[in-house]
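Inspection log for the structure reproduced underneath, given as structure tokens.
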Amino acid sequence: MRYHTPATFADAATIAASAQGVTRFLAGGTDVLVQLRAGSVLPDDLIDLKHIPEVHSITRTADGGWRIGVAVSGASLGANKDLVADWPGVVEGMELVGSTQVQGRATLTGNLCNGSPAADSVPGLIAAGATVTVTGPSGTRDVAVQDIPKGPGKTNLKAGEVISALTLPARGKNAGDAYLRFIPRTEMDIAVVGVAVSLRLDGDKVAEARVALGAVAPTVLLSDACAKAIVGTTLDAKALDALGAAASGECNPISDKRGTKEFRIEVAGVLARRAAKIAYDRAKGAKA
Amino acid sequence: MPKDEIKQTFRLVGTRPDRPDGLDKVTGRARYGADFSAPGMLWASVVRSPHAHARIKKIDASKALALEGVKAVVTRADFPEVPAGEYWDLQENTIAGERALYDGHAVAAVAATSQLIAHDAARLIEVEYEILPHVTDVDEAFKMDAPVIREGAADYSVPEGSPPNVVKVLDFGRGDVEAGFASADLVKEGHYTTEATHQGYIEPHACVGQLGSDGKGEMWVCTQGHWYIRRMCAGVLGIEAANLRVTASEIGGGFGGKTTIFMEPLSLALSRKSGGRPVKLVMSRAEVLRATGPTASASMDVKIGMTKDGKLTAATAVFRMQGGAFTGSPVDAALNCAFACYELPAVHHLGYDILANRPKAAAYRAPGAPMAAFAVENLLDEMWGELGLDPLDARMMNAAKEGTKSSYGPTFKRIGFEETLEAAKAHKNLSVKLGPNQGRGVAAGFWFNYNGDTSVSLAVAEDGTAQVSVGTPDIGGSRASIALMVAETLGIEYEDVRVSVVETGALGVNEPTHGSRATFATGKAAVEAAESAIKDMCRRAAKKWGIDEDAVEWVDGAARPAGPNAGKFPPLSIVEIAAKMSSTGGPIAGHYEGNPPGVGESFGTHVVDVEVDPETGRTEILRYLVVQDAGRAIHPSYVEGQYQGGAVQGIGWALNEEYVYGADGRLQNPVFLDYRIPVASDLPMIDTVIVEVPNPGHPYGVRGVGETGITPPLPAVANAIAAATGIRMHSLPISPSKLLAAMNAKRKG
Ligand SMILES: Cc1cc2nc3c(=O)[nH]c(=O)nc-3n(C[C@H](O)[C@H](O)[C@H](O)COP(=O)(O)OP(=O)(O)OC[C@H]3O[C@@H](n4cnc5c(N)ncnc54)[C@H](O)[C@@H]3O)c2cc1C
């Protein structure tokens, strides 16, 4: 195994582009190192991104959004009060990842690029409308987060492409988001179902909404049907029922050791209703 | 509420001093299995079958052996032939012979100069398999046309024409069961299943083994019983037991799973083949889950009859249990414990020990009893509920007590089941009002407790302090409890007694810390050893005073003239006697070798409150009460720890833990991420009440508390869920998926 510590994303992309065998980027390593020790993925080239400047920083963008470095850990996200105030749902998704020890290392980008349909931070990012900047041998491009996952363990990044930053849009007024997952225990589990809702209110009415569903299909889903079910409503019982039905209707899950297909479909509806209520309350000013 | 015929108050017994191993453990100084190293040591890695059942056609290690740093590869061919029986089974489980019998079965092992090289080398060993049909489910394995795990494994108890994987049949009872059912007002039957669970100890198996061409060897190992390691390794390797010296490390949990061998002979065989260099072998979590001994999975039918007042008239149990690819599921203990809590005029038990393509079962805390309790206490609760009876009152009406002829044979001496029911009834948790979707469940449990071969030696040091050498590894605080009993007996301070777990070369044979026996048996042996040292010291005092040795008594750590001589001489303290030991006859010591009689059974009653999320089927434990008879709690903190630990393991078994096998017979969840033991945040503080009905068979009344506590939680949780939802779950675990499906079925009518 060759271990690289490039100083720029361009260098990282060049190394990755010329690598022949199994290649992995090393952010927090909480997937990469676990897979390595288990012998399930033995990289020939391991490209550590943590020596590149700015990867540990969280900054406000000119338009009031957020730029998050690719080595920012879950713990640092949670410690940034302004970010938490803007995007509590995104942060709570990331904070559900692992334990205190894992939180000290694990990153949003790593969670996204590991490609798990059950990744806890991804529904929140998709609901938020987050984008990533991709650096490759032929320059950089911006991509919506929902376009990165391809299937379990796979992304749409091409050989030699690396994510160089993650951007959250400006939150704006009267808005809130929330993420809920179902696990049989209270922590240290993989989501059986995960649902994120981000919405903006106009008075008591939902003006805009984005709903993302995790662990119910090969990739995290952004659901228009769910959004339609609540936009224009006050999130009354009828709207919540419609949301639940829409969420269940979007699911295309498998039965596995973590839960049955039927269970995932039903609970996706339950969590969509519950998450929407929390997001609604937050948009009304409730603190996370 | 001590109901005490023996002494009531003690200077030290019943207090809670710091444990002697505490500082080492909290500072990281304590040495666990993987912490041993030796000069010139090699590392081992094991090649395991990815198939549930496969013929091993060829093993080619040439590429591995060509790798720099690789020193030896062993396969079954490196082990001697041993006759059928315990050692053959252990050898076959240590390393597969003609066939791999389960996913994870060891096929070959390699030793190299580093752990990385060893793992790389293991990947280079090529094994050619012919995949055979497999069976992992207990009911499937019980069928006439199931894939046969091993011809000729059945013993004399199995009737002609039985299904081919049945290796043992148990059939016993007493009284006229049919008449009992005929006289009942309510008779019910139920079918129950439980999935296999693993003990889930945090420390994986680890050892360093060294064996020279002279046949002399040494081993450092994480185990509950190093004499078992010695005997079993010697049997599997064909060496003499006394030539193998085994030292037990500190132990990060065992719960029965470390009372046998799994990979230890591999390290010794590799050492022998690499010129006697020490070989270290540390299992990964996946290896622990795939290839060490979980408990059995069970399929059970229970039938119970009772009068309209709830008095039991008869009961029967038919249990089928698979304990992996070898004889040894705990179906016998399960049957013996099934109805042990109750007075029963007529009872019958039938049990089948069944082979399947799963790892060889090992003991797990009260082996078999939790499954039995799940079936029996579940049905009892349903029936008493139907009759409108209070679950504690109904149990009290039927409770086994002193003089009861137990369901499994013996007549109980002094036991404390009724006292646990009384204490549960009086506990504050019982008066908490429950809300919607909440339910309260009660269940009782039992374990025999055990004595076993025990050797202890005690010596008084020159300054009057005492050292105690024991052979039962300290898992739950036994050094503290033994030190308390010895200090109490000698009349010295707790801090002046040091208890050490010593290697096999230092004592006679000791059985492991199992069967809830260490505080009972090692404790009793240590007290006997102290008594004989006291006798020797009294003899020395008598000699000095020139009086008869029977005229000397031992009080408060000193010899005193007694009877007609009382007061004639000032007492001689242990410090004074010890200071003169050399000139008064040499070293002062005492020892005990035997199988200490006087075992006392332990009963428990648990009460749990749960809340079930009606939309997801998720069960939350709101509060949990353990009441159990300890006989006497020598160190109450460690008794409470056993109660809480048993409850927590039982809750995990009831709600989420299970071995999940795919259609290919491979274990799907060999990591703690998916093998879901409870995490701390899942649980409330477990409330405990220690009932003390002293065991007359122990000098301080000890019964043993390690196992009873895991028996009631399975049915207690199921009964609470039934109370919360109106649904009786007959199959464990009661996972959210299963419970939600059952609730939906009920809602649909
Ligand atoms: C004990 C434990 C518990 C866990 N619990 C959870 C949980 O509850 N929920 C959950 O979702 N996950 C969980 N995980 C998985 C893991 O912690 C998360 O997926 C984490 O967010 C991964 O981030 P990382 O920075 O450690 O990624 P790494 O391991 O460093 O990388 C992961 C993948 O992303 C790729 N990658 C990393 N950075 C980039 C980049 N900039 N550009 C392109 N590709 C990149 C790597 O090549 C690799 O394939 C758990 C892991 C452990 C060990």
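The values are calculated or read from the model by the stated rules, or taken from the named source; none is laboratory data. Not measured: the values here are computed from a predicted model. Cβ atoms come from the backbone with ideal geometry, glycine included; neighbour counts cover every protein chain shown.
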Report summary line: residue B:401 vs (1) more than 30 Å from residue B:347 (Cα to Cα); (2) part of a loop (DSSP other than H, G, I, E, B): all pass except (1)
Report summary line: Among residues of region A:166-207 being closer than 30 Å to residue A:47 by Cα and more than 13 Å from the ligand (Cβ to nearest atom), the residue surrounded by the fewest Cβ atoms within 10 Å (Cβ to Cβ) is A:169
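Which one of B:297, B:249, B:329 is without any contact (Cβ under 8 Å) to a residue 40 or more places away in the chain and of a type in the set (Ser, Thr, Tyr)?
On the way: B:297 fails: without any contact (Cβ under 8 Å) to a residue 40 or more places away in the chain; B:249 fails: without any contact (Cβ under 8 Å) to a residue 40 or more places away in the chain.
The match here is B:329.
Which is at pLDDT below 95 and either of a type outside the set (A, V, I, L, M, F, W, C) or surrounded by 19 or more Cβ atoms within 10 Å (Cβ to Cβ) (or both), of B:576, B:549, B:503, B:601? Write out each step before concluding.
Values: B:576 fails: at pLDDT below 95; B:503 fails: at pLDDT below 95; B:601 fails: at pLDDT below 95.
One residue alone meets the criteria, B:549.
Pull up region B:271-289, narrow it to residues that are within 14 Å of chain A (Cβ to nearest Cβ) and not in a helix (DSSP H, G or I), then point me to the one that is farthest from residue B:211 (Cα to Cα). Lay out the reasoning, then the answer.
Applying the first criterion (within 14 Å of chain A (Cβ to nearest Cβ)) to region B:271-289 yields B:282-289.
Imposing the further condition that a residue be not in a helix (DSSP H, G or I) reduces the set to B:282-284.
Numbers: B:282: 18, B:283: 20, B:284: 24 Å.
Ranking the qualifying residues of region B:271-289, first place goes to B:284.
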Query raised in the report: Just wondering, is there one or more residues in region B:355-370 that are of a type in the set (S, T, N, Q) and not in a loop (DSSP other than H, G, I, E, B)?
Result: no
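When you check residue B:196 against the structure, is it surrounded by fewer than 23 Cβ atoms within 10 Å (Cβ to Cβ), small (Gly, Ala, Ser) and in contact with a Gly (Cβ under 9 Å, 6 or more places away or on another chain), yes or no? So that I can check it myself, show each step before the final result.
On the way: surrounded by fewer than 23 Cβ atoms within 10 Å (Cβ to Cβ): no; small (Gly, Ala, Ser): yes; in contact with a Gly (Cβ under 9 Å, 6 or more places away or on another chain): yes.
Judged against the criteria, residue B:196 is not a match.
With B:112, B:153, B:122 as the choices, which residue is surrounded by 20 or more Cβ atoms within 10 Å (Cβ to Cβ), more than 28 Å from residue B:285 (Cα to Cα) and of a type in the set (Gly, Ala, Ser)? Please lay out each step first, then the result.
Numbers: B:112 fails: more than 28 Å from residue B:285 (Cα to Cα); B:122 fails: more than 28 Å from residue B:285 (Cα to Cα).
Answer to the selection: B:153.
Yes/no matrix, rows are residues, columns are (1) surrounded by fewer than 17 Cβ atoms within 10 Å (Cβ to Cβ); (2) under 18 Å from residue A:91 (Cα atoms); (3) in contact with a Gly (Cβ under 6 Å, 6 or more places away or on another chain):
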site: A:142; (1), (2), (3): yes, no, no
site: A:153; (1), (2), (3): yes, no, yes
site: A:161; (1), (2), (3): no, no, yes
site: A:164; (1), (2), (3): no, no, no
Requested in this report: Report yes if residue A:24 is more than 9 Å from the ligand (Cβ to nearest atom) and either closer than 21 Å to residue A:126 by Cα or more than 14 Å from every other protein chain (Cβ to nearest Cβ) (or both), otherwise no.
Outcome: no
Query raised in the report: Name the residues in region A:29-51 that are over 21 Å from residue A:158 (Cα atoms) and surrounded by 19 or more Cβ atoms within 10 Å (Cβ to Cβ), would you?
Result: A:30
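Criterion first (surrounded by 24 or more Cβ atoms within 10 Å (Cβ to Cβ), touching a Ser or Thr at 6+ places or on another chain (Cβ under 9 Å) and touching a residue at least 60 places away in the same chain (Cβ under 8 Å)) does residue B:367 satisfy it?
Judged against the criteria, residue B:367 is a match.
If I ask for residues that are within 11 Å of the ligand (Cβ to nearest atom), in contact with a helix residue (DSSP H, G or I) (Cβ under 8 Å, 6 or more places away or on another chain) and not hydrophobic (A, V, I, L, M, F, W, C), which ones from region A:142-155 would you list? Lay out the reasoning, then the answer.
As a first pass, look at region A:142-155 and keep what is within 11 Å of the ligand (Cβ to nearest atom): A:148, A:153-155.
From what's left, in contact with a helix residue (DSSP H, G or I) (Cβ under 8 Å, 6 or more places away or on another chain): A:148, A:155.
Hit for region A:142-155 is A:155, nothing else.
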Query - Criterion: at pLDDT below 95 and touching a Lys or Arg at 6+ places or on another chain (Cβ under 9 Å) - qualifying residue of B:682, B:674, B:687 - result: B:674
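Would you please name the residue that is surrounded by the fewest Cβ atoms within 10 Å (Cβ to Cβ), looking only at residues in region A:9-23 that are of a type in the set (Val, Ile, Thr) and either part of a helix (DSSP H, G or I) or in contact with a helix residue (DSSP H, G or I) (Cβ under 9 Å, 6 or more places away or on another chain) (or both)? Even if it seems obvious, please write down each step before you answer.
Taking region A:9-23 as the starting set, the residues that turn out to be of a type in the set (Val, Ile, Thr) are A:14-15, A:22-23.
Okay, now just the ones that are also either part of a helix (DSSP H, G or I) or in contact with a helix residue (DSSP H, G or I) (Cβ under 9 Å, 6 or more places away or on another chain) (or both), so A:14-15, A:23.
Details: A:14: 15, A:15: 19, A:23: 19.
So the residue we want is A:14.
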Query raised in the report: Are there any pairs with C-beta distances below 9 angstrom linking a residue in region A:23-39 that is at positive phi to a residue that is among the aromatic types (Phe, Trp, Tyr) and more than 6 Å from the ligand (Cβ to nearest atom), with the two at least 6 apart or on different chains, and if so which?
Result: none
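Please enumerate the residues belonging to region B:257-297 that are within 16 Å of the chain's Cα centre (by Cα) and more than 21 Å from residue B:354 (Cβ to Cβ). Step through it out loud before you land on a result.
The first filter runs over region B:257-297 and keeps only residues within 16 Å of the chain's Cα centre (by Cα), leaving B:257-261, B:292-296.
Within region B:257-297, B:258, B:259, B:261 meet the criteria.
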Query raised in the report: Which of (1) of a type in the set (Val, Ile, Thr); (2) modelled with pLDDT of 95 or more; (3) within 19 Å of residue B:293 (Cα to Cα) is the odd one out, the single condition residue B:651 does not satisfy?
Result: (3)
**Report entry** Residues (more than 29 Å from residue B:97 (Cβ to Cβ) and aliphatic (A, V, I, L, M)) located in region B:144-181
**Finding:** B:177, B:179
**Report entry** Residue check for residue B:709: on the phi < 0 side of the Ramachandran plot, crowded, with 22+ Cβ neighbours inside 10 Å, out of contact with any Lys or Arg (no Cβ under 7 Å at 6 or more places or on another chain) and at pLDDT 95 or above
**Finding:** yes
